[in-house]
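Beneath this line is the structure, given in structure tokens, with notes to follow.
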Amino acid sequence: MMKRIVAMVLCLVCLALCFTACGSKDDKGASIRMYLSEPVYDVDPLNAFDNQATLQIVSLIFEGLFTADEDGDVKKALVDDYEYEVDKDLGTYKLILTLRETKWSDGVPVTASDAQYAFLRLFSTAIHHPAVGMLFDIKNARAIAAGEDSVDHLAVTVTDPQTLEIEFEKDIDLDAFLPVLTSPALYPLRADKVDTGKVLTPEGVTESIWSRLGGEIVCSGPFTINSMDYKAKDGFMLERNGYYYRDREKDDYDKYVRPYRIIVDYSTPAVDQLKNYNTGEVGNIYYMGYIPLAARTDEYADILKKLDVTNSNSTHVYYMNQAVAPFDNASVRKALSLALDREEMAKALVYADAADALVPQSILYRADKGATFRDKAESYLQTTANINEAKQLLSSAGITASDYSFTLTVNGISEEQVKLGEMAVAAWKALGFKVTLNKLGVEPIIKVEDPGTEEEKEVATGAYKSLYREALQSGSFDVIGLDLVSTAPTAMSYLAPFAAAFSGNGYSASVNGEGKTVYTINPHVTGYNSADYNAKIDAAQNAKNEKERAKLLVEAEAILMNDLPVIPVVYNKNTTLDGKKLSRVKASFFCPHVLTDAKLSGYRKVAIREGFVEDN
């Protein structure tokens, strides 16, 4: 009798396994339709700090050494363990990072060399980036940025495939330095992909495309990019990185990343997609990471009442090029600031606050972790327009506004930037200036194959370059709008780049009368170079502790807001909307939608309805 019972149980188990196997055919997990952000054409982490939408996508596909949670607190990510070693007799101060084992999306192990490469690339003479200054505690870093030493001497070394060693100039406050290592600017990258992913254009320019073609990008984060076709329905698609911390021989496919695919349709207007939110129809949207301007109205109140609105790590600002008149005049810059009605500009976006200073609302005052920087710093700017005072300033400075014509450049892909730009142009015209709005977008990258031969031809790459970003990085603008995104969750990282030595804008070399090469540090891209501000940031860099540093940074912001090389406009907000069947979407400091553990209830029924899997 017992043998029969055992036999029956075994049969039932076999049948259960059979049904489970049949039910899970082609079932790799949830394919979730979302609208994450406006289109992002380039996922190079170093190009993610002028538009918050870019940073959000980048944060889904690359893994950092550390990560910052929603409150800006540091958590381990790729780093498994770390130790700070001090030998006062030898005068050495080292941070030793031991990395977890994981792989790139093509199965190649992520190593300490990939992490080292991100540091070295940031200091390359071909890269001018404001994140450089946040690394000046590292031995030789400041001298390299000033052109006085070689990047080969940056004290970031690989001691074995899983160990990275960082040596410092002096004993550091480790709690102050670790937030720097959460920066997307330091996401490990593959040298073999970045350095070879370049093409020659018909203009004779070498263009990097490694980060602009979905199928060519290798990712270390929870997701990889399946496609980046913005004209096709469902043309932008993220797919689970099956190698992300996973032992493919032992671990379930969804052990570390629950969703299989994130599908984004950029061929259909976002406002139309919002109408399909939570409808249960084919094409149903389960998550909105961006709410289009046209939907920020009472018409959509029932949908938007569940919207989660949080402070972003960016402030929308205007850079003014001081190499161009009249922006070399502080009175003109102040007048342009006074003319802006920030309250009305914030209302036009709905989800924004009028900016009364520069540092965004999400940045902590690290001397008091219960407070933000804005809690401790002052309000420097009027948030309503004062046209009369602005005109008086211009008059006192001997400026006749009608004598000057200039252009405000904005990112034409961002409807928010365009809207704010239109309002700024109107305000500045009211002062008498002749102002035009320049909306720069993207254009296809064409490559030359077999150059210099009879077979030479021009071929479309499928990648795009941002004309807007080129203008920003080269300084080819009169005034330019951008989302100034923090490179790390610290006020130092946000304020330091306006000091010449910390600008990351490279250096110029010349030969003096004695035949020696002299290096001159290039100031911030605006041309701002204040001795008082430079000294204040230097003092903050050398501060004994966080309390002293925080006080100095508050004073530095006050100087900057008096000189106004940069005009803050609004504090940006993150807006996210979860569908009723979607849960476990988390947030971090750099990304409001961390989707690693996102769960879609009844996803198999959704997959069958959408045609992703067969109904067996």
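The values are calculated or read from the model by the stated rules, or taken from the named source; none is laboratory data. Note that the coordinates shown come from a computational prediction; the quantities given were computed from them, not determined experimentally. FYI the Cβ positions are ideal-geometry reconstructions off the backbone, even for glycines, and counts take in every protein chain you see. In case anyone asks, the SASA skips ligands and DNA or RNA and just uses the protein heavy atoms, side chains included. Shrake-Rupley method; radii C 1.70, N 1.55, O 1.52, S 1.80 Å.
Charge tally for SER601 (other residues, Cβ to Cβ under 10 Å; Lys, Arg +1; Asp, Glu -1): +4.
Note on GLU422 and LEU174: their simple-model spin labels are 5.4 nm apart, each label 7 Å out from Cα toward Cβ. Note on TYR84/ASP247: beta-carbon distance plugged into 1/(1 + (r/R0)^6) with R0 of 35 Å gives a FRET efficiency of 0.70.
Between 0 and 90 degrees, rounded to the nearest ten: what's the tilt of helix 531-541 against the longest Cα principal axis of the chain? It works out to around 40 degrees. Centre-to-centre, using Cα atoms only, region 254-298 and region 493-569 are separated by 42 Å. Compute the acute angle (0 to 90°) between the alpha-carbon long axis of helix 52-61 and the principal axis of greatest extent of the alpha-carbon atoms of the chain; round to the nearest 10°. Once rounded, the angle reads 40 degrees. For a modelled paramagnetic label at ARG609, 7 Å from Cα along Cα-to-Cβ, the residues of region 252-270 in reach, with backbone nitrogen under 19 Å, are 259-265.
Would you list which lysines come within 18 Å of LYS580, measuring only between C-alpha atoms, while excluding same-chain residues fewer than 8 positions from it? Leaving aside lysines fewer than 8 places away in the same chain, those within reach of LYS580 are LYS275, LYS305, LYS306, LYS599, LYS605. Model label sites at GLU203 and LYS376, defined 7 Å from Cα along the beta-carbon direction, differ in position by 4.5 nm.
Rounded to whole numbers, the Karplus 3J(HN,Hα) couplings from phi for region 223-228 are 10, 10, 8, 7, 7, 10 Hz, using 6.51 cos²θ - 1.76 cosθ + 1.60 with θ = phi - 60°, and x at Gly and Pro. FRET efficiency for the ASP160 to ASP195 pair, using the beta carbon distance and R₀ = 22 Å, is estimated at 0.45. The gain in end-to-end length when the VAL282 to GLU455 segment is fully stretched comes to 57.5 nm, 0.36 nm per residue minus the alpha carbon separation. Put simply, the convex hull of the Cα atoms in region 83-165 casts, on average, a shadow of 6.6 nm². Rolling a 1.4 Å probe across all protein chains gives ASP403 an accessible area of roughly 110 Å².
The calculated FRET efficiency for SER150 paired with LYS231, based on their beta-carbon distance and R0 = 45 Å, is about 0.50. Once backbone amide H atoms are built at 1.01 Å from N, ILE209 has LYS198, VAL199 as its partners under 5 Å, excluding neighbours fewer than 5 places away on the same chain. Pairs of lysine residues in region 379-464 that meet both criteria, 8 or more places apart or on different chains and Cα atoms under 28 Å apart, total 10. Working from label points 7 Å from Cα in the Cα-to-Cβ sense, the VAL511 to ILE127 distance is 3.1 nm. Derived scalar couplings between HN and Hα for region 434-444 equal 9, 10, 10, 9, 10, 9, 9, x, 10, 9, x Hz in order, rounded to whole Hz, by the Karplus curve 6.51 cos²θ - 1.76 cosθ + 1.60 (θ = phi - 60°), x for Gly and Pro. Residue separation of ARG584 and THR407 scaled by 0.36 nm, minus their Cα-Cα distance, works out to 59.3 nm of gained length. Seen against the Cα atoms of the chain and their longest principal axis, helix 387-396 is set at about 40 degrees. Proximity of backbone amide H atoms, modeled 1.01 Å from N, is registered between VAL442 and LEU467 at under 5 Å, excluding neighbours fewer than 5 places apart on the same chain.
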